[in-house]
Amino acid sequence: MYECFADEIAIDFPSVGHVVDRMRDAFLGERADADVVATEVSLSREEAWRGLVVPLDVPIRGLCPCCGGRGETWTERCDRCCGTGASLFLRSVRLAVPARVVDGARFRFRISSPDAASVRVEVRVAIRSAA
Ligand SMILES: [Zn+2]
């Protein structure tokens, strides 16, 4: 009976974390439905111990450079974005991972640029068990 109860807590936990995130966003005055990009970096044990800077390419949704976000050029539907007006491009960022980082650690940051919606990025650290 007790083990059943423990399972329920484990299943509920991610949604609780999500609610906390939304509360924090509301507190900071940021939109809770902003895009979130989740990614993972794989580090060796030595890299995790020393810390390092990891280059990341984060996909960001921006305006289509061909039609400027209208989804059409003159009367034609824009081929490049298929009429959506949006385009996905990669933004290179460098994540500074501190020394002694632990497996499963998460880093959260925000990327904003003048020509795209701001994006929240969540990076999870996975430490490879092999050397
Ligand atoms: Zn377009």
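Table for the structure above
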{"item": "Cα-centre dipole for region 62-131 with unit charges at Cβ (Lys and Arg positive, Asp and Glu negative), debye to 20", "result": "480"}
{"item": "Loop sites in region 68-131: chymotrypsin sites (Phe, Trp or Tyr not before Pro), DSSP, at most 15 other Cβ within 10 Å", "result": "74"}
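No lab work stands behind these numbers, since they all come straight from the coordinates. This one's a predicted model, so the numbers in the text were calculated from it and none came from an experiment. Don't worry about glycine lacking a Cβ; one is built from the backbone with ideal geometry, like all the others, and counts go over all protein chains shown.
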